[in-house]
Amino acid sequence: MKNLWFVVVIFTGFSVASASESGLELKDGWHAEIITECAEDLPDMLLLSADGQHLYQSCETRANMLSPSLARIEIASGKREILIYGLGRADGMRFAPDGSLWLGEEQPDGLIWKIDNPDLLKAEQRADRYNFQSSSKHIQAITSAGVFAHEGLTFSSDGKYLYLADEWKEGCLYRYDIQGQVLKVFHAKKGWLTIKRPEDARIEAERLHGTWYNRMEDMELMPDGRILITETGTGNVLVLSDVGEQPEVKKFLFHPDIKHPDNLEWDAKRNWLWITDDSDDSELWAWDGKGLTLIASHTSAEITGIESAADGTIYFNLQHRRFAPDLTIRLQQK
């Protein structure tokens, strides 16, 4: 995995199979099926439960007590239930080493929420994001993790840190020490600098001259411990190496056919990196370390929330479908 930083320019051709009722166009050798409909809940990210039986789904709806924020889908039956209402544009989410689910809000005053024992959480919970309250003791706002547009987030390999990306045209990269509850901002020359007032993270990051990027989206932990970050404003996929005293961010991948890289997912079954492109025609690409292959595309919906299972099954959402409900899709190789 040490030679993954170079720029890839190889492209594998795309052969379109007949479109399914979802409107997807697929490369030959792949099959897609609908798991469930999601109404107009703006389904965004997905996480597969530890037992592989459920998908957790963030909903990018605006904050009010009637707007879904986190759903749970039973894969076998397609049954979908709303676990939490009330957050603002719920987006990025990851499981912590202790099994809790950490969920971010993608808006300028966005918070990180921690959900303990999500598999046991009862449906129809409410969160009051303005007063940092909820209807369940298992749902709590982590204000010390910073206030900004939380889209990309992931944990370090050892579980000590949560890395956070501010999805803004001048957004910075942050590291949150979970045990010490200390937030730091990345500086390309000075390393990690402490944010004293997490509620004013953007202001403090500016005062500290934190290194900023152009609209960072998703983050993904690689097997070698490095972290990939999509910078959709530039088309770059970046890589963070946080070893020793001096962390480093470099360009990992750029290809002119991927104009707005959005979601990332490491596929341990195939040793592939999945990348979604949030362009006019939304696309799903796979990178095998040498070349890129276009696997799926959609002309009138956004492919988002890519998630892989141990057996190689791929899950994602179709958001913003034109004149049709949003969908959750299962993708498999024939």
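Coordinate-derived values only; no laboratory data. Since we're looking at a predicted model, the values are computed, not measured. Ideal geometry is used to build each Cβ from the backbone, glycine not excepted, and the neighbour counts take in all protein chains shown.
Tabulated results
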| read-out | value |
| --- | --- |
| Hits in segment 96-150 (condition: touching a Pro at 6+ places or on another chain (Cβ under 9 Å) and among the hydroxyl-bearing types (Ser, Thr, Tyr)) | Ser100, Thr143, Ser144 |
| Residue count, segment 315-334 (criterion: in a strand (DSSP E or B) and among the aromatic types (Phe, Trp, Tyr)) | 2 |
| Selection within segment 80-125 - in a loop (DSSP other than H, G, I, E, B) and hydrophobic (A, V, I, L, M, F, W, C) | Leu87, Ala96, Leu111, Leu121, Ala123 |
| Subset of segment 37-79 (residues that are free of Cβ contacts under 8 Å to residues at least 24 places away in the same chain and either in a strand (DSSP E or B) or within 17 Å of the chain's Cα centre (by Cα) (or both)) | Glu74 |
| Residues of segment 278-287 classified as surrounded by 23 or more Cβ atoms within 10 Å (Cβ to Cβ) and free of Cβ contacts under 8 Å to residues at least 24 places away in the same chain, total | 1 |
| Residue that is surrounded by the fewest Cβ atoms within 10 Å (Cβ to Cβ) [pool: residues in segment 209-249 that are charged (D, E, K, R) and within 15 Å of the chain's Cα centre (by Cα)] | Arg215 |
| Residue match in segment 253-261 (condition: crowded, with 22+ Cβ neighbours inside 10 Å and either charged (D, E, K, R) or in a strand (DSSP E or B) (or both)) | yes |
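Rundown of residues vs (1) part of a loop (DSSP other than H, G, I, E, B); (2) in contact with a strand residue (DSSP E or B) (Cβ under 8 Å, 6 or more places away or on another chain); (3) crowded, with 20+ Cβ neighbours inside 10 Å; (4) touching a residue at least 12 places away in the same chain (Cβ under 8 Å), yes/no style:
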| residue | (1), (2), (3), (4) |
| --- | --- |
| Ala127 | no, yes, yes, yes |
| Gln140 | no, yes, no, yes |
| Phe148 | yes, yes, yes, yes |
| Glu151 | no, yes, yes, yes |
| Asp158 | yes, no, no, no |
| Tyr163 | no, yes, yes, yes |
| Ala205 | no, yes, yes, yes |
